[in-house]
Structures are given as C-alpha cells and as structure tokens.
Amino acid sequence: MDDRNQVESLIQAQSDALKRTAKQVWDAAELNWRETKSADALKQYLSEQGFSIKAPVCGMDTAFIAQQTVGSGGPVVAFLAEYDALPGLSQCAAHTTPNAVQEGGAGHGCGHNLLGAGAAGAAAALVDALKARGLSAVVRCYGCPAEEDGGGKVFFAREGAFNDVQAVFAWHPGDANYVLGQGTLAVTGVLYRFSGITAHAAAAPHTGRSALDACELMNVGCNYLREHILPTARLHYAYRDTGGTAPNVVPDRACLHYYVRACKVKDMMEIKKRVDDVARGAALMTGTTLSIEEVDGFSDFIPNRTLSELTAQCLEEIGAPAFDSEDEALAQRFSASFSPEARMANLAVSCHQSGLDANELAQQVLCRQTAPYRHEPHLTEPGSTDVGDVSYCAPTVQLYCSCWALGSGGHNWQVTAQSASSLGEKGMLTAAKVLALAALRAVERPELLAAAEKELKQTCPDGYYCPMPAQAKPHPAP
C-alpha cells in the first residue's frame with residue numbers, strides 16, 4: 001500500500017473516534033485557561049492510541065504534551081492541538097439561524113474543537129504508519145490552551161519545549177484549502193491601570209484626580225501616534241474598568257487593555273515602548289499614577305518553505321474535502337445568513353492568503369479546490385497567532401482546510417454551528433490526512449528535515465526572542 005492510501009485508511013479507521021472527540025470539545029466550549037474537559041477529551045483519545053501524557057506542563061494547568069516513541073534514533077515531529085472557545089458565541093450545532101445552546105455562553109466560533117481533534121488524529125496516524133514501515137521517530141502532540149487570549153504556545157516556547165523538535169505541523173479550520181505562505185502580525189496585550197483620587201465632581205472637583213481622564217488622554221495620544229508608526233502596524237483598545245457609573249464622582253481607578261501589532265516582533269516591541277510613554281504622559285497630565293502589566297505577547301509567523309511545499313503537495317494529493325449534495329445545501333443556508341458585503345470581505349481575506357480566484361469562489365458555497373503553495377513571507381495575514389512563537393523555535397507549517405461555507409470568516413455564531421456539522425467533520429478528517437502524510441514523508445527524508453532546519457537558521461538568525469514578559473502567568477480573561 002502506498003503512503004497516501006495508508007494514511008487515508010488509518011484516518012478513516014479513526015474517523016468515528018475523532019468526530020466524537022471533536023464533539024466533546026465543542027460541547028464543553030471552555031474559555032482560555034479553563035479548558036479542563038476539552039483537554040481531558042483529547043488526552044483520553046491520545047492515551048487510547050498509546051501516547052504517554054505529561055500534564056500539566058510549563059505552568060499551564062490545561063496544557064499537555066502527549067508523546068510516543070517509535071523505534072529509536074529518529075527525529076522529533078510535533079503536532080499542535082488547540083481547544084479553547086470564544087465568549088458569547090454559543091450556537092446550536094448546524095443551525096442556520098441564531099439559536100444559542102446557552103444564552104451568552106461560550107462557543108467554538110473559531111473551530112478549535114476540530115483543530116485539536118484533527119491534530120491528535122494526525123499524530124496517531126503517523127505513529128501507526130511509522131510502525132508499519134519500520135521507521136523511527138518521536139511523535140508529539142502539544143495540547144495548547146488559550147490561543148484566543150493568553151498564548152499557551154508562547155509559554156511552551158519560553159520554556160524551550162520545542163527546542164528539540166525538527167518539524168512542527170499545524171492547521172486551522174477555514175473556508176478554503178491551502179498552506180499559508182505569509183506571515184502574521186506580532187501582537188502584545190498590555191493593561192494600563194491608572195489610579196487617582198475620588199472627589200465630589202461638583203462640590204470639590206479640584207481635589208480629585210481622574211483615572212478616567214487619564215485613559216481618555218492616553219487614547220487621544222495613541223490616536224495621534226498612529227500617524228507616526230509603520231502603516232502595517234495596529235493599535236486597538238478596550239476599557240476593562242471605567243471607574244464606576246456615578247457621574248458626580250471623580251473616578252479614582254480606570255484600566256485600558258491595549259493590543260499593539262506589527263509585522264515583526266521587534267517592530268511591535270518598539271511601538272509598545274512608545275505606547276507606554278503615551279500612557280506615562282497621560283498620568284503626568286492628570287496627576288494619577290500608572291501601572292503597566294504585559295499580559296501576553298505573540299511573535300509573527302515565519303512560514304518554513306521546505307515543510308510548506310511538502311505539505312502543499314500532500315494537500316494536492318489528498319484533495320479538498322469530499323462534500324456531498326447535503327453538505328452543499330447546508331452550506332448554502334449558512335452562506336445566505338451573511339450579508340453580501342460581509343461574505344465578499346471574508347472571501348477576499350481567504351483569497352489574499354491562498355491565491356485562489358475570488359470571482360471563481362464567489363460562485364461557490366464550498367471550496368472544492370486546493371491552492372498551490374505561494375511563498376510570500378513579505379506579506380502578512382491580517383491577524384495574530386501564537387503559532388508564530390513556535391515558528392521561531394522549530395521549522396513550522398500552517399495548513400488551512402475547508403470546514404465552513406465560503407465567506408464564513410471567523411469568530412461568529414455561524415462558525416460555531418458549522419464546527420459541529422458534517423462540513424467541519426469532513427474538513428477535520430481531510431486536514432488530519434494531509435498532516436499525517438506530510439509528517440510521514442518528512443520522517444522518510446532526513447535531508448528534507450535538514451534543509452528545513454537550515455532554512456530556519458537563515459530566516460531567524462538571532463533565534464527566538466520571547467515577547468511574553470518573564471513574570472507573565474496564565475491570566476484568564478474576564
């Protein structure tokens with residue numbers, strides 16, 4: 001049996017178990033750093049496949065490393081599993097109109113239930129294929145919490161957990177089929193807390209020092225700063241605390257949560273220093289005191305061309321998910337739930353990243369094409385991920401597989417619903433096949449792994465600089 005047929009057969013044999021695991025994670029729908037049931041579901045599946053489980057790891061209660069050694073002396077190959085949900089995106093499975101399982105509850109609006117199960121399935125299939133072929137490797141599956149807010153992979157990277165890995169295979173659900181050849185935005189999240197003095201806002205305002213004024217002034221300063229930073233950089237913020245609701249009380253506390261993004265982590269850190277100075281100026285102007293807490297930080301993603309071209313070839317051979325007429329009808333109903341403008345805007349992002357033709361995809365409701373790989377590290381995907389930190393530590397590839405109707409975008413109730421439907425399941429199984437096949441071929445070709453390592457050293461000559469502050473700990477969002 002050739003390697004492709006072998007991998008497809010192995011994944012097919014595990015399909016029911018993988019669907020069950022993905023649904024368990026979807027049902028749990030747990031937020032960052034609280035993914036206890038979700039991690040347990042993945043650990044149980046991997047344990048049943050013969051993996052030893054180490055948990056908790058790297059200071060994260062809901063993180064794990066599953067490992068199985070096949071033979072001796074082989075490379076270390078890793079898969080990345082995510083399983084955190086998003087707040088407020090609860091939605092019934094496969095329902096094409098808004099219908100929350102729990103009003104205001106969390107939901108898998110980014111498909112991480114599929115991501116985790118697919119990665120675990122690829123790891124298990126690789127082990128079985130290696131055993132059948134008499135090959136040696138150490139196979140790992142990293143259970144990575146808090147991708148949406150917190151950055152579990154950064155804690156792994158900071159502790160050197162990827163330093164002995166020769167190849168990392170990652171994927172993400174999407175609406176098209178391609179291997180990412182672009183970078184992502186580095187990002188850091190920072191809490192700016194201002195402390196002042198309360199006072200009666202009418203009788204004695206002169207005795208007060210408004211922390212809320214400090215926040216307002218900081219935002220004004222950052223709005224002016226935008227003109228003088230790199231045009232590809234981004235600043236966004238939200239109030240975490242406005243100091244109360246009484247207009248006749250000068251608020252003595254207020255807090256802003258800022259995201260600072262840039263195409264490269266070093267540029268992001270330089271811009272962050274300037275934002276810090278704006279905050280200090282706001283404190284000085286208002287007579288308040290300031291504390292700065294770096295919550296998290298993600299590096300930009302470095303696509304490894306060697307591994308990416310290998311994986312793209314495997315994607316072409318496996319092909320797009322085999323959607324049927326019932327899938328088509330379901331996708332059509334989801335597609336109709338988006339405004340034409342939103343659908344085309346989301347399609348434009350997928351086409352920018354994949355190189356697929358937007359006009360062609362606009363005529364379809366499901367992606368039935370696979371895109372050839374385009375290595376464009378000078379371009380940037382408009383988002384951030386902690387996979388970027390892994391890519392500085394070990395050669396890394398990022399696959400996207402069609403699990404949703406074209407134009408679905410992400411972080412919405414429609415994605416939550418599709419991630420527990422036949423669309424999501426078929427995309428997940430396709431991704432598992434592609435990753436397992438690519439990893440098998442990488443193990444079979446030591447010279448390819450050597451080339452991937454050489455490429456990493458050339459693209460990241462200074463090695464890994466962790467943007468997460470040394471004192472940072474897992475920090476659940478409210």
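Tabulated results
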read-out: Rh by Kirkwood over Cα pairs, then Stokes-Einstein D for the stretch 206-268 at 1.567 mPa s and 4 °C, µm²/s; value: 98 µm²/s
read-out: Computed [θ] at 222 nm, deg cm²/dmol, the chain (DSSP H ≥ 4; -39,500 (n - 2.57); rounded to nearest 500); value: -13500 deg cm²/dmol
read-out: Sorted peptide list for 152-158, 316-322, criterion being average Cβ within 10 angstrom, highest first; value: 152-158, 316-322
read-out: FRET efficiency, S52 to T245 (Cβ-Cβ, R0 56 Å, nearest 0.05); value: 0.60
read-out: Highest-first arrangement of 340-350, 118-128, where packing means the average Cβ count within 10 Å; value: 118-128, 340-350
read-out: Amide H contacts under 5 Å for A254, placed H, 5+ residues apart; value: F194
read-out: Segment D27-E341, extension gain: residue separation times 0.36 nm, minus the distance between their alpha carbons; value: 109.9 nm
read-out: Carbon and sulfur %, accessible surface of the stretch 23-155 computed with the full protein complex present, 1.4 Å; value: 47 percent
read-out: Sorted peptide list for 238-247, 217-226, 42-51, criterion being average Cβ within 10 angstrom, highest first; value: 42-51, 217-226, 238-247
read-out: Whole-number Å³ per residue for the convex hull built on Cα positions in the stretch 418-460; value: 75 Å³
read-out: Heavy-atom surface of the stretch 108-168, accessible at 1.4 Å and reported per residue (Å²); value: 19 Å²
read-out: Mean Cα-pair separation over length for the chain, i.e. relative contact order, pairs under 8 Å, 6 or more apart, %; value: 24 percent
read-out: Most positive-pole-ward Cα, G181, T97, L423, against dipole of the chain from beta carbon charges; value: G181
read-out: Under-5 Å amide H pairs with G383, H placed in peptide plane, nonlocal only; value: L185
read-out: The stretch 334-477 - accessible surface per residue (Å², probe 1.4 Å); value: 38 Å²
read-out: Coarse-grained scattering of the stretch 294-431 at q = 0.10, 0.16, 0.17, 0.21 Å⁻¹, given as base-10 log I(q)/I(0) from a Debye sum over alpha-carbon atoms; value: -0.36, -0.91, -1.02, -1.39
read-out: Under Karplus coefficients 6.51, -1.76 and 1.60, residue-wise ³J(HN,Hα) of the stretch 424-435 in Hz, glycine/proline x; value: x, 4, 5, x, 4, 5, 5, 4, 4, 5, 4, 5
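The values are calculated or read from the model by the stated rules, or taken from the named source; none is laboratory data. In this text, all values refer to a predicted model and were calculated from it rather than measured experimentally. Using ideal geometry, Cβ is built from the backbone for each residue, glycine included, and neighbour counts are taken over all protein chains shown. These accessible areas exclude ligands, DNA and RNA; they are computed on the full protein's heavy atoms, side chains included. Shrake-Rupley method; radii C 1.70, N 1.55, O 1.52, S 1.80 Å.
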